[in-house]
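Each reported figure results from applying straightforward, stated rules to the coordinates on display, with no laboratory input. Not measured: the values here are computed from a predicted model. Please note: Cβ atoms are built from the backbone with ideal geometry, for glycine as well, and neighbour counts cover all protein chains shown.
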Number of protein chains: 2
Amino acid sequence: MFSEAMCKAGVTYPQGFKAAGVKAGVKKSGNLDVAVIYTEKEASVAGVFTQNAVAAAPVFASKKVVATGKAHAITANAGCANACTGEQGTKDAAAMQSITAEVLGCEPLDVVVASTGIIGVNLPMEKMEAGIKQAVSELSEHGSETAGKAIITTDTYSKSCAAEIELGGKKVRFGAIAKGSGMIQPNMATMLCFITTDAAIDSKLLQKALSEITEVSFNMISIDGDMSTNDMVIVLANGEAGNEEIKVEGADYEKFKATLQELCQGLAQRIAADGEGATKFLTVHVSGVKNFADGKTIAMSVAKSPLVKTAFFGEDPNWGRVICAVGYAGVEMVPEKTVVKFGGIPVYAYGVGAEHDEEALKQVMSQKDIVIDIDMGLGEAEATVWTCDFSYEYVKINGEYHT
Amino acid sequence: MFSEAMCKAGVTYPQGFKAAGVKAGVKKSGNLDVAVIYTEKEASVAGVFTQNAVAAAPVFASKKVVATGKAHAITANAGCANACTGEQGTKDAAAMQSITAEVLGCEPLDVVVASTGIIGVNLPMEKMEAGIKQAVSELSEHGSETAGKAIITTDTYSKSCAAEIELGGKKVRFGAIAKGSGMIQPNMATMLCFITTDAAIDSKLLQKALSEITEVSFNMISIDGDMSTNDMVIVLANGEAGNEEIKVEGADYEKFKATLQELCQGLAQRIAADGEGATKFLTVHVSGVKNFADGKTIAMSVAKSPLVKTAFFGEDPNWGRVICAVGYAGVEMVPEKTVVKFGGIPVYAYGVGAEHDEEALKQVMSQKDIVIDIDMGLGEAEATVWTCDFSYEYVKINGEYHT
């Protein structure tokens with residue numbers, strides 16, 4: 001379903017979308033830092049936002065756009081989060097909307113805005129204005145790559161993805177760009193994700209699908225337990241595919257939602273794998289629980305434990321730390337019913353360490369991609385969380401990222 | 001109240017207590033690893049224990065001792081946690097009690113037992129038996145120092161402390177040894193603390209005092225958010241001071257409790273300051289909250305944030321990360337009412353960054369001991385949490401501590 005060429009096309013893979021990323025001088029590094037994504041045909045819009053009480057100005061501005069159900073564009077920048085910036089921040093977010101609207105010929109309320117970067121610093125609005133205008137002038141059907149690079153911060157690469165399905169005989173396309181890295185979890189911290197599709201779908205159904213999908217994708221990743229002030233996931237659906245508009249929860253809706261979910265889970269996994277300083281991608285799969293919430297609580301407890309994360313960095317099969325994190329998760333646990341496996345190899349079973357092949361386990365621990373299975377033996381539900389290990393590099397990146 | 005000589009005397013500072021630490025060969029390093037503390041005169045005993053569902057065998061054994069209200073001895077080892085060891089672990093903890101009781105001439109149920117170290121490995125009981133017997137043979141009024149060293153793991157030093165007050169004209173003494181380091185928080189994770197006093201006090205009142213004090217001392221420290229399987233704090237009160245036994249909550253009880261609290265808070269702070277790889281001691285003081293629980297939640301959110309902890313390691317006054325952690329704590333927060341200070345210097349006030357003297361702030365950040373004040377402006381209550389920064393050394397210690 002996802003080819004490399006499609007993924008590279010990203011947000012411009014669906015029909016009717018253009019994008020561009022430019023160097024406006026917001027990032028100190030001089031790298032790409034302002035992105036615009038545009039659809040001439042009005043799109044249904046849906047969004048999910050940070051739950052941090054200190055939400056940034058662009059979050060408030062974009063929530064109002066999503067409330068209208070319709071949008072034409074997304075304007076985003078990296079290098080400055082426009083968070084904790086008071087009234088000036090509110091004005092600057094509004095200016096990002098009005099500058100974009102003016103050059104595109106739409107209304108300010110048609111423009112979603114997003115920022116990521118340092119907190120507590122005002123946006124350099126002259127640079128932003130010039131950058132937005134330049135980005136609009138460079139909008140193209142091949143602009144997803146530069147747009148994707150313009151929204152990253154400490155990510156090692158820009159995440160992009162695409163998909164294609166058939167709905168009622170029409171080809172329907174999806175594309176996305178995302179940034180992640182530090183501060184991921186809970187609830188999609190310091191991440192921006194912009195998804196485009198040429199499907200025709202009612203904005204309320206689009207919102208319902210996105211909200212439900214977020215619970216099993218972006219809200220199931222953890223880098224370090226911090227949640228940012230600026231996170232958002234936005235979907236624009238412009239209807240260019242010509243499918244009959246999805247207005248009810250029938251087969252078309254289910255197919256649409258399944259594809260969007262696959263896209264979001266794939267991006268979530270890649271964001272976790274590219275956590276700051278990560279050397280390992282860890283999948284924590286909890287089964288045998290009474291409900292999803294219990295499973296998520298246990299999986300997050302393990303995924304967030306610095307002791308577990310440093311053990312995997314050191315390639316040490318220290319199951320004691322895993323079982324310890326399960327034990328303090330605050331959810332019912334019966335050691336005599338619990339089984340833990342690393343890469344399919346049982347390491348803890350029913351209250352004690354499990355006998356295992358040391359060499360095979362060593363082999364598992366040396367992999368870049370490791371699955372931790374935890375069967376609680378108490379029910380039929382399950383949950384999966386994706387995370388990464390904790391390395392020297394994480395400390396270096398975050399200790400040396402000076403304000 | 002606390003002199004260096006008194007502190008060194010530790011658990012043997014109160015009258016009637018003897019202690020010893022020996023090398024039994026449980027630690028791979030060959031360092032001191034088995035400790036015994038003894039009072040010939042029967043003592044009132046109180047204890048608080050880990051809340052981890054995967055509690056170790058010695059935790060279950062010691063809870064039964066505490067339930068009787070009386071004890072004569074504490075036997076502890078480092079190097080092996082006797083956790084996740086099933087039936088054999090239960091037998092080994094019981095054997096630690098019976099071996100100690102036999103050589104001391106008391107009952108197994110008079111002996112508190114504690115273990116710390118690697119999870120999932122059985123205790124080497126031949127070595128333990130020889131070690132316990134040797135420790136008992138070496139019991140002395142100068143044995144606190146070796147006992148303290150025998151219970152540490154990755155601590156850089158053994159914590160000991162003492163105090164003295166007058167109760168009804170009698171001199172009453174307190175002494176303590178403690179180990180901490182990694183996995184501290186919540187609820188006194190991977191810590192052992194043994195406190196002795198020659199006060200005469202009813203065991204139920206002693207338990208009440210200890211439980212309440214734990215909430216504002218050992219439960220207010222965080223190293224990395226992990227909670228161990230083996231934590232315990234034990235108090236033995238043998239009555240040798242000859243004070244009239246404290247049986248009600250009068251002035252004597254309050255004085256006793258205040259001293260015990262000061263002792264526990266001092267130890268808690270030193271445990272936090274000696275967190276694995278720590279280079280900074282951070283005090284997170286939250287005021288202006290509606291109640292203690294809100295304050296603790298906010299302070300813990302800040303103290304646990306790897307982004308905050310790495311920023312302080314890097315001496316970067318990144319208040320954005322602090323306010324971000326306040327914002328996602330899940331407690332009511334009004335940015336426009338919140339003020340944050342580092343070392344008394346306002347860095348964030350009422351929704352935006354506060355103007356400040358850069359040089360003075362740089363000076364604060366270079367200190368080893370830094371206070372973060374967060375005034376929420378919403379009430380009269382407050383809470384203080386102690387923690388440390390996150391360094392390369394933390395990753396090294398925990399990535400390379402192989403099982």
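Points to keep in mind about this one:
- Two-decimal Rg to Rh for segment B:2-48 - Kirkwood Rh, Cα set: 1.06
- Computed helical MRE - 222 nm, chain A, DSSP H runs ≥ 4 contributing -39500 (n - 2.57), nearest 500: -10500 deg cm²/dmol
- Two-site FRET efficiency, A:Phe292 against B:Glu141, from Cβ-Cβ distance with R₀ of 41 Å, rounded to 0.05: 0.10
- Rounded if a/c under 1.5, otherwise prolate or oblate - segment A:112-160, Cα gyration tensor axes: oblate
- Prolate/oblate/rounded call for segment A:218-340, Cα gyration tensor, a/c under 1.5 rounded: prolate
- Global dimensions of segment B:20-171 from alpha-carbon coordinates: Rg and Dmax equal 15.2, 50 Å.
- Among B:Phe174, A:Phe49, the ranking by other beta carbons within 10 Å of each residue's beta carbon, starting with the fewest, stands as A:Phe49, B:Phe174.
- Note on chain A: with a GNM built from Cα contacts shorter than 10 Å, the maximum mean-square fluctuation among A:Phe390, A:Phe60, A:Phe17 falls on A:Phe60.
- Each other copy holds its own label point for A:Thr279; taking that point as 7 Å from Cα along Cα to Cβ, the gaps run 2.0 nm, nearest first.
- Distance cut-off 44 Å, percentage of C-alpha pairs in the protein assembly as shown lying past it: 33 percent
- Along chain B, the longest continuous region that contains none of the GluC sites (Glu not before Pro) in a DSSP loop with at most 10 other C-beta atoms within 10 Å is B:1-354.
- Inter-copy spacing of A:Glu215 label points, which lie 7 Å from Cα along Cα→Cβ, given in nm from shortest upward: 3.4
- Of all complete DSSP H helices in chain B, those with a Cα span along the helix axis of 30 Å or greater and a mean Kyte-Doolittle hydropathy of -1.0 or more are B:251-273.
- Each principal axis of segment B:281-400 carries a Cα extent, and these read 44, 32, 19 Å when sorted largest first.
- Label-to-label distance, nm, for residues given as B:Val371 and A:Glu254 (7 Å Cα→Cβ offset): 6.3 nm
- Considering only B:Met191, B:Met128, B:Met333, the Gaussian network model of chain B with Cα springs below 10 Å gives its largest mean-square fluctuation to B:Met333.
- Within chain B, longest stretch clear of exposed trypsin sites (Lys or Arg not before Pro) (DSSP loop, no more than 14 other Cβ within 10 Å): B:29-246
- Label point 7 Å beyond Cα along the C-beta direction, distances from A:Ser3 to other copies (nm, shortest first): 8.5
- On the basis of the beta-carbon distance and an R0 of 30 Å, A:Val334 and B:Lys208 show a calculated FRET efficiency of 0.45.
- Computed E for B:Thr279/A:Lys64 - FRET, C-beta separation, R0 45 angstrom, nearest 0.05: 0.50
- For chain B, built as a Gaussian network whose Cα springs stay under 10 Å, the top-fluctuating residue of B:Gly250, B:Gly277, B:Gly21: B:Gly250
- B:Ala5-B:Gln363 pseudo-label distance in nm [points 7 Å out on the Cα-to-Cβ vector]: 3.8 nm
- Based on alpha-carbon atoms, the Kirkwood radius and the radius of gyration of segment B:89-175 give Rg/Rh equal to 1.04.
- Rg/Rh ratio calculated on Cα atoms of segment B:232-303 (Kirkwood radius): 1.09
- Short to long, the 20 Å bins of the Cα pair-distance histogram for chain A hold 29, 53, 18, 0 percent of all pairs.
- In terms of distances greater than 27 angstrom between alpha carbons, the cross-link table entries A:Lys23/A:Lys304; B:Lys23/B:Lys257; B:Lys149/B:Lys368 yield A:Lys23/A:Lys304; B:Lys23/B:Lys257.
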